[in-house]
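Below: the structure, in C-alpha cells.
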Amino acid sequence: MTQAFRIDNGGLVNREKKLSFKFNGKSYFGYEGDTLASALLANGVHLVGRSFKYHRPRGFFGAGVDEPYAIVQLYRNGETEPNIKATEQELFEGLEAKSVNCWPSVNFDIGAINNFLKIFLPAGFYYKTFMWPKSFWYRIYEPFIRKAAGLGVASTKHDNERYEHKYEYCDLLIAGSGPSGLASAYAAAKNGAKVILAEDKPRFGGSLLTSDVNIGNQSGKDWAEGLITELKTMPNVVVKNRSQIFGYYDHNMLVMSEKVSDHLPETKKYHPNKRLWYIRAKEVLISSGSIERPIVFGNNDTPGVMLSSAAKEYLKVYGVLVGKKPLVFTNNDSGYETAIEFKKHGVDPIVLDTRKNPESEIIDEAKNLGINIKNSYVVVAAQGYKKVKSADIASISEDKKKLGKIENIQCDCICVSGFWTPTIHLASQSGNKTKFKEEIDAFIPGQSKQNETTLGAASGIFSLEETLKTAFTAGSEISKKITKKDNEVAIPNVVEKQSSQHDKFWCVPLPKGKNYKRFLDFQNDVAVSDVEIALREGYRSIEHVKRYTTLGMATDQGKTSNLNGLQLVSEIENKVVPAVGHTTFRPPYTPVSIGAIVGREVGKHSKPTRKSPMHEWHKKNSAVFVDAGVWLRPRYYKRGNENLFEASKREAKNVRTNVGVCDVTTLGKIDVKGPDAAELLNRVYTNAWLKLPVGKARYGVMLREDGIVMDDGTTTRISENHYHMTTTTAQAANVLSHLEYYLQLVWPELNVNVVSTTEQWAGAAIAGPKSRDLLQKLFPNSDVSNEGLPFMGYLEGDLFGVKARIFRISFSGELAYEVNVESDYGNFMWEKIMEFGEEFNIQPYGTEALSTLRIEMGHVAGSELDGRTIPYDNALEGLVSKKKDFIGKRSLKRSAFTAEDRQRIVGVVPLDKKTSIPEGSHLVKDYKAPLPNPKLGHISASCWSVEYDNPFSLAILKDGKNMVGQKLFAMSPLKNKVIPVEIVSSHYVDPKGERVRS
Amino acid sequence: MLYINCPHCGMRSQNEFSYGGDASVKRPELNKEVSDQEWDDFVYNRKSLRGKHLELWQHISGCRQWIKVERDTATHEIFRTFKADEEVA
Ligand SMILES: [Zn+2]
C-alpha cells in the first residue's frame, strides 16, 4: 500500500525504515520517526474518533500535546492503554490502536444520534436534563451517560510494566528546547551551572524544526542540532527528550514524566516504561513556547479542519500533506508560512485573510510564489461530514459584523490560524499572577512568584531575534548568580522575515438562517451557543461558566479553547478579556499515567515488610502470617487440616495447660537513659515511677494531653539510669516522637536520652504453668524461682553463652516470662526454647491465640486503646496517680470524663453460649426499637474462651460499671446478626490475677 | 513539596518531616492549677491563621530533632527555621 499523502522527499523521518501498524484493524505502514498521527495522515486517514457528547466525527487538530481530538486506545505487547494522543505516540513496528468513544465503529457510530438530539444536550445538561424524575436516574439517565461518556477503557489486568521515580537537583531547569530553551541552556552551561533541559517531543528544537529562519548563517534546525550535540557532551548538562514537565509545585519542585519505552514495541529488560523525575531546581526557565489558537466558524470540528501550524509541522517534520486542496484561513502571517510550504511542495493553497490590506515580507513571498490570496474573507462553515469536502466562504465587512455573498469552494482541508497563545501553564502553577498583553490578545506571566523566568514565545515574544537575545542574556545572568562565573557567549545573528500585525478577529458570525455549531472546546463539545446559554442563565464568573459548560475541562485542559472562550464571555458581557480573567491552571499540564505516579510502590512494595529474626523458623513450621502494621507475624501454626479457629484454640489451650512460646520481637522497644530518666517516666506515665528499684518492671499507661490513652506497656529498670521501655507494635514510632517532643521542647532541662531499640532485640514470650520449669532448663545457672524472679522481676541470664534479658511479665495472664537476646541470636534462642520445651509439650502460638488469651483475661490492647478511651474506660483508673502530675492529667477532670455513667470495659457472653459475636457489633437494649436505635456500646474484641469453651467478648459499654448482669442484644447489621447477650466482668478468667504471681 | 532548612542537617524535602502544630503554644507547668479555659486553650484552641505562622516540625527521617519553622500558611513561603531551644525574635 502506498502512502498517498507522503511527499517524495523532505521531513525528518527515516525513510529507510518502514514500520507496519494497525488502526481499527486495518494495516498501514509509516516510517521510523513518525507519530501515529503523521503515519495515519500519510495514508489519508483523517477520521480517528467520535466526539465526547454528540459523537461527531473527529480528525486531527494539532500535531502535539495540544491535540483535543485524536485520542486512541493503544495496544502494545499484550497490554492496552487508553487516552493516548495519536499526535504524541511515536510509531513502532507492530503498533495497534483503536478509536475510542464510538460504537460499533468509527464510521458508523450509534451515539452520533446525539448529534441530532443536540438540542437536548445544551450547556449544563448534566445538571438540568437528568434531574427529574428521580427514578429515571438509575434506570435511564445514568446508564445512558455511562455509555456515552468517557474516553478509552482502562486495562483490568495487572500492569507488568515497571515505573521508576528519580530525585534530582539542579541549578537551572529549562522546560522546552525551542530557541529560548536552547539559548538559555547553552549560556548557563557555559557558566558551569548544572542544567537540565527537558523536551516533551522526541526531537529537540521546538519551532526551529519548522520555521524558515537562519541563525549564525545556518538554518534554524541545523543551529539547534549543533547546540544540542554540544550540550550533550557537557558533563554539567542533562538533556532529556520525551520528557514533559507537567507540574510546578512549592519551593521550586517540578515533576517531569519521561517516556522511556513508549516509542518501542516493548520495554527493554531492566528498563522502566516511564520515569518520574522530582526535580528541585534553584532556578526554572520556562521556554514552553506557544500554541496556535483556532478561529471559530461553522462546523469547525469537521475532520480536515486543523491548526495551520500543525499542517506545517506534518509537512516539514514528517513529509506529510494534510490535504491536496488546502484552504488556509488566517488572521495573521503564520497562515502564509503554511501556505508557502504547501506551494513549495507543489500544492496550490488558497489563503483567506480576515485582514483588509496586510503587508509584510512573508506576505510578499507568498504573493511572489503566486499563491491565491483573498483579503477580508472568512470561512463561514466547513462542509462535509466525515471529512471536509468544501467550504462556504464569504467576504466580511470592515466592522466584522456583516458577511458578503456566500460562495462554496472545493477543498480537502482547512488550516486555521487565529494567532498564538503563550503556554503559561507552568508559570501559573508556580503562583505567578499572569497579565493580559493587549498586543497579542493573550495572557503572559507577570511578576515571578518562585524562582521562575519565562522566555521566548511563552512570555509573548514572537520575534526570534529578541527571543535569542533575551534567552542568552537570561541564561548567563541567572547562572552567573549561582556559579559566580561569567563566560561570555556570543549571540548569533538572526535572519527572519518580519511579519505584520495580526487581526483580533476570532469568531465568524452566523449567516442568516443558519444554525451551524461553532465549537470552542473540541474535546468536550462546547459550542458558542453553550456559553451563550450559560451567560443567559446568569453565570458570570469564568470559573462557573467553565464548570457549567465544561469548557476547558477535558483532558487537554482547553489548550486550544481557553482564550476563545474568554473572548466570547468578554464580548457578551461587554468587558475586556483581562477583566473576565482566566481560570486557574493546575497540574498536570498534560495527563500523566497513574503507573508513573505510583512508581515502584505497588503490591508488596507499597509498604516495607518487616520480619522478625525467627521468620524463617515460623515459615518452616507452617505458620500462617498476618500483617501487623508493617510487620509480618505468625497468626497461627497450621497442623494438618486445621483452620484458624481450631489451630488458635489448640495453641491457646496449650498455654493454659502446658507452655507456649510466642514471637514478640515486634513490640516497640525504647532505651531511656540518663540521670532524669525516672523523672521523665513519672511525667509520661499515669502511675508513679520514682521508686521503682533496679531489676524490676512496671506496667504503665501513657496519655495524650487530651486525656485519651495513647499506649501501654511495661518498662524495666535495667540499671540506675537505664530503663527499657516497651510499647505496643502499632504505637512504637509515635511513642518515640512523643518522648522526643517533651524532651526537646517542653522539658529540655531533663537530662535523658531516648533511642529506639526495637530492631536490636529479638523477643520470645514463654507462657503457661510449665514456663518456669522450662526457664530453669534454659538458664540452669540463674535463680528463676518465685523468690529469685518474682512477678514483675528482671534478671540477666546466660543462654548457653548468649547474654539474655529475662522479664517476668505476662500478657496472657498465665505464669509467663519474656526473654530478649540480641537480634542476631533470635533464631538460636527460639530453637533452644523449642528444644528444651519439648518435654513440657511446648507449642508455638500466634497472634490469634495471643488475642484469645488476653481477651478472656480482660487485658486491654489496641482495640480498646482506640484513641477514644480514657484510663477509666479500660478499668485502668487504679494506675492513675492522684498525687503527682503527668501528661494529660488535667484533661481527666473534664465533665464528660467524670460522668457517672461513663463508658467502661465489660465482658460479654452470648446467652446461648454458642454464637460468636462479630467485632464491631453494637449493644442495644431492644433490637426491635425504631431507628435510630440508641447504641449503648460496641464489641471491641471477640474470642472463643478456651477456659470455659464458649464465646467471650470485650465491649466498651455506657455505664459499664453498673451493667454487669444485664441482658442486652449485640447487633451486627453487617453480618445480619442479632445475638442476645449477658454482660459480665471483663476479667473472665482468673479475676484475682493469681496465676501470674504463682 | 516544601523544602525545609533543618538547622541541624540543612535543606531537606518535606517528606522527611512530620508536622507538629503551632509552636507558640506553651504547655502549662506541671503541678500548676489551671482553669478550664487555660487548659482548653492549650489542648484544643488554635488560631489556624492565614499568613506567617510559627510551627513545629520533626525531622523524623533525619536527625529526629523537633524544629521551629516560620512559614506563610497561604503561600508556603518559609522565612526562617530555628532549633528547638532557639529563641525566636
Ligand atoms: Zn535534621
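A short reminder: the numbers here are calculations on the coordinates, not readings from a lab. In this text, all values refer to a predicted model and were calculated from it rather than measured experimentally. Here the Cβ positions follow ideal geometry from the backbone for every residue, glycine too, while neighbour counts run over all protein chains shown.
Worth a mention:
- Shown in residue order for the stretch A:470-480 are the 3J(HN,Hα) couplings computed by the Karplus curve 6.51 cos²θ - 1.76 cosθ + 1.60 at θ = phi - 60°: 5, 6, 4, 5, 4, x, 5, 5, 5, 5, 4 Hz (x for Gly and Pro).
- Nonlocal amide H pairs with A:G446, under 5 Å, H built at 1.01 Å: A:K433, A:T434, A:K435
- Per-residue HN-Hα couplings for the stretch A:238-255 [Karplus 6.51, -1.76, 1.60; θ = phi - 60°; Hz; x = Gly/Pro]: 10, 10, 10, 9, 6, 10, 9, 7, 10, x, 10, 10, 4, 6, 6, 9, 10, 10
- Looking at chain A alone, DSSP beta bridges between its own residues are antiparallel in about 75 percent of cases.
- Cut-off 9 Å between beta-carbons: net charge of the residues surrounding A:R58, Lys and Arg +1, Asp and Glu -1: +1
- Fewest-first ranking of A:F840, A:F522, A:F21, using other Cβ atoms within 10 Å as the exposure measure: A:F840, A:F21, A:F522
- At the listed q of 0.11 Å⁻¹, the Debye profile of chain B, built from one uniform point per Cα, gives log10 I(q)/I(0) equal to -0.35.
- Here the residues A:D159, B:D36, A:D663, A:D711, ranked from fewest to most Cβ neighbours within 10 Å of their Cβ, fall in the order B:D36, A:D159, A:D711, A:D663.
- Per residue, the convex hull spanned by the Cα atoms of the stretch A:14-113 measures out at 89 cubic angstrom.
- Local net charge near B:L54, Cβ-Cβ under 15 Å (Lys/Arg +1, Asp/Glu -1): +1
- For A:K497, a cut-off of 24 angstrom between C-alpha atoms picks up these lysines, skipping any fewer than 8 places away in its own chain: A:K221, A:K312, A:K316, A:K343, A:K344, A:K356, A:K367, A:K374, A:K437, A:K469.
- Between amide H atoms placed 1.01 Å from N, distances below 5 Å from A:I291 occur with A:T421, A:T423, all of them 5 or more places distant or on a separate chain.
- Rounded if a/c under 1.5, otherwise prolate or oblate - the stretch A:899-990, Cα gyration tensor axes: oblate
- Each 10 Å bin, from zero up to the one with the longest distance, holds this percent of the alpha carbon pairs of the protein assembly as shown: 2, 9, 15, 16, 15, 13, 12, 10, 6, 2, 0, 0.
- Helical contribution to [θ] at 222 nm, DSSP H n ≥ 4, -39,500 (n - 2.57), averaged over chain A, rounded to 500: -6000 deg cm²/dmol
- Packing-based exposure ordering (other Cβ within 10 Å, fewest first) of A:K387, A:K504: A:K504, A:K387
- All other residues whose Cβ lies under 11 angstrom from that of A:Y825 are scored, Lys and Arg at +1 and Asp and Glu at -1, for a net of -1.
- Global form of the stretch A:458-615, assessed from the alpha-carbon gyration tensor, a/c cut-off 1.5: oblate
- Each residue of the stretch A:392-402 was assigned a 3J(HN,Hα) from its phi angle through the Karplus expression (A = 6.51, B = -1.76, C = 1.60, θ = phi - 60°), giving 8, 10, 7, 6, 10, 5, 4, 7, 6, 9, 10 Hz with x at Gly and Pro.
- Euclidean distance between Cα centres, the stretch A:902-934 to the stretch A:353-417, Å: 80
- For chain A, the longest principal axis of the alpha carbon atoms and the long axis of helix A:179-190 meet at an angle near 60°.
- For A:D412, distant residues with modelled amide H under 5 Å away: A:K324, A:K325, A:L327
- Listed pairs A:K166/A:K604; A:K18/A:K232; A:K405/A:K504; A:K274/A:K433 exceeding 26 Å between Cα atoms: A:K18/A:K232; A:K274/A:K433
- Under the combined filter of DSSP loop state and at most 10 neighbouring Cβ atoms within 10 Å, chain B retains these chymotrypsin sites (Phe, Trp or Tyr not before Pro): B:Y44.
- Of the trypsin sites (Lys or Arg not before Pro) in the stretch B:26-89, the ones in a loop by DSSP (not H, G, I, E or B) with at most 16 other beta carbons within 10 Å are B:K26, B:K32, B:R46, B:K47, B:R50, B:R64.
- Gap separating the Cα centres of the stretch A:764-801 and the stretch A:171-214, nearest whole Å: 73
- Within the stretch A:247-306, the trypsin sites (Lys or Arg not before Pro) that combine a DSSP coil assignment with at most 11 other C-beta atoms in a 10 angstrom radius are A:K268, A:K269.
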